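What follows is a short report on a single structure.
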Amino acid sequence: APSNRVGCYDIERTIGKGNFAVVKLATHIHTRAKVAIKIVDKTQLDKENLKKIYREIEIMKELRHPHIIKLYQVMHSEKTLYLVTEYASSGEIFDHLVAHGRMAEREARIKFKQIVAAVYYCHSRHVVHRDLKAENLLLDAGKNIKIVDFGFANYFKGEELLKTWCGSPPYAAPELFEGKEYIGPKVDVWSLGVVLYVLVCGSLPFDDSTLQALRQRVLSGKFRIPFYMSSDCEHLVRNMLIVKPSRRYTMRQICSHRWMQTEEDETFKRLVNECTNTEKLNEQEPLNELILNEMVSAGIDKDRVINSITNKEYDNYSAIYYLLLDKWRKHTAARASLL
């Protein structure tokens, strides 16, 4: 096999670089699906960072949402870790804003509702992201939001207080700058407030040349509202960027806010309802017989596939299943929109 093949994937080119990892665009040999593979050099990581990567994998295995990047497969060698994930071909919303400038509120609302639905889903699964920013919001081919990078994410219980400083300073809540213990979901809400401002204004609400000056701005909670921002949007932003966490909006308040409810949106309604319905959150979705049969006719052992999915193995069997499932979903969605 050529050296640019990993498992059942043909590696094409580099699409991202991190400290101890590179992200490659690849094609799955059997399904021809495009994927992103994060290749992590384990030898470069200390115990803490290795633990962080494994936690990120654990968390991603628990999350299945249309607006969160999916994990398809995990492969290990002695020195390297390969995370195969969904590929969002339209890149970061950050770059989109740099290229096209700020968004009209209607467009911003479509994107923001997708972001909020995904974060609300995480919270209802007891996961906080803690690094929400324009660079971690990707767009797929249909310009739908996909949240990435669960490297700072963690589990939380109820109103449990967390301690770790996380995230990126312009998006960080005041309680993080104060080094206090904090309630996880509240720091995500603050970051979402910054994200909404960035979408609508094309600039950051809190920005300065030094960290110290930025800290002062964030702690003061004062920021400028541009003349073109609607009063409904301003009201929502102000209630998310409240310095005192206990007075800051909850996810539920964000979802039911007037600005968010401007258009009838069945999909958003359904996604939000699924977050508040705990039974629905934890039930496993039934297996798609069409896809299982397609795999069987390709000579793949059905029981191995079912075991792989049920036990969350994240090996080649479940990867093929989910890659085909996503392909099928896109196809049916496209057909539905044509009718």
What is the one condition in (1) in contact (Cβ under 8 Å) with a residue 60 or more places away in the chain; (2) of a type in the set (A, V, I, L, M, F, W, C); (3) under 23 Å from residue 89 (Cα atoms) that residue 53 does not satisfy? (3)
Which residue is surrounded by the fewest Cβ atoms within 10 Å (Cβ to Cβ), if the candidates are limited to segment 253-274 and must be out of contact with any helix residue (DSSP H, G or I) (no Cβ under 8 Å at 6 or more places or on another chain) and more than 24 Å from residue 329 (Cβ to Cβ)? 256
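One line per residue, one yes/no per condition, for (1) without any contact (Cβ under 8 Å) to a residue 12 or more places away in the chain; (2) of a type outside the set (Phe, Trp, Tyr); (3) outside the structural domain of residue 53 (by TED's automatic domain parsing); (4) more than 18 Å from residue 254 (Cβ to Cβ):
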site	(1), (2), (3), (4)
108	no, yes, yes, no
112	no, no, yes, no
116	no, yes, yes, no
119	no, yes, yes, no
126	no, yes, yes, yes
130	no, yes, yes, no
139	no, yes, yes, yes
149	no, yes, yes, yes
163	no, yes, yes, yes
Only unsatisfied item for residue 64, checking (1) over 20 Å from residue 308 (Cα atoms); (2) at pLDDT 90 or above; (3) outside any strand (DSSP E or B), is (1)
Of the residues in segment 124-140, how many are crowded, with 22+ Cβ neighbours inside 10 Å and not in a loop (DSSP other than H, G, I, E, B)? 5
Going through 219, 192, 204, 196 one at a time, which residue ends up being of a type outside the set (Phe, Trp, Tyr), farther than 25 Å from residue 114 by Cβ and either assigned by TED's automatic domain parsing to the domain that holds residue 152 or in a loop (DSSP other than H, G, I, E, B) (or both)? 219
If you scan segment 222-245, which residues turn out to be under 27 Å from residue 182 (Cα atoms) and either touching a strand residue (DSSP E or B) at 6+ places or on another chain (Cβ under 7 Å) or in contact (Cβ under 8 Å) with a residue 60 or more places away in the chain (or both)? 233, 243, 245
Looking only at segment 290-329, which residues are closer than 22 Å to residue 32 by Cβ and of a type in the set (Asp, Glu)? 294, 301, 315, 326
Scanning segment 72-93 for residues that are under 16 Å from residue 320 (Cβ atoms) and among the hydrophobic types (A, V, I, L, M, F, W, C) gives 74, 75, 84
All-but-one check, residue 55 against (1) at pLDDT below 95; (2) out of contact with any Gly (no Cβ under 9 Å at 6 or more places or on another chain); (3) under 24 Å from residue 132 (Cβ atoms), failing number (2)
Take the residues in segment 187-215 that are surrounded by fewer than 21 Cβ atoms within 10 Å (Cβ to Cβ) and not hydrophobic (A, V, I, L, M, F, W, C), then tell me which one is nearest to residue 247 (Cα to Cα). 215
Checked segment 152-178 for anything surrounded by fewer than 22 Cβ atoms within 10 Å (Cβ to Cβ), in a loop (DSSP other than H, G, I, E, B) and at pLDDT 90 or above; matches are 152, 156, 168, 178
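Residue by residue, here is whether (1) of a type in the set (A, V, I, L, M, F, W, C); (2) modelled with pLDDT of 95 or more; (3) buried (at least 16 other Cβ atoms within 10 Å of the Cβ); (4) within 30 Å of residue 201 (Cα to Cα) holds:
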| site | (1), (2), (3), (4) |
| --- | --- |
| 35 | yes, yes, yes, no |
| 46 | no, no, no, no |
| 74 | yes, yes, yes, no |
| 78 | no, no, no, no |
| 96 | no, no, yes, yes |
| 104 | yes, yes, no, yes |
Limited to segment 307-339, what total is found for residues that are of a type in the set (Gly, Ala, Ser) and surrounded by fewer than 16 Cβ atoms within 10 Å (Cβ to Cβ)? 4
Counting only residues in segment 275-306 that are out of contact with any helix residue (DSSP H, G or I) (no Cβ under 8 Å at 6 or more places or on another chain) and not in a loop (DSSP other than H, G, I, E, B), the one surrounded by the most Cβ atoms within 10 Å (Cβ to Cβ) is identified as 293
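The values are calculated or read from the model by the stated rules, or taken from the named source; none is laboratory data. Since the structure is predicted, the reported quantities are computational estimates derived from the model, not experimental observations. No Cβ is skipped: glycine too gets one built from the backbone with ideal geometry, and neighbour counts run over all protein chains shown.
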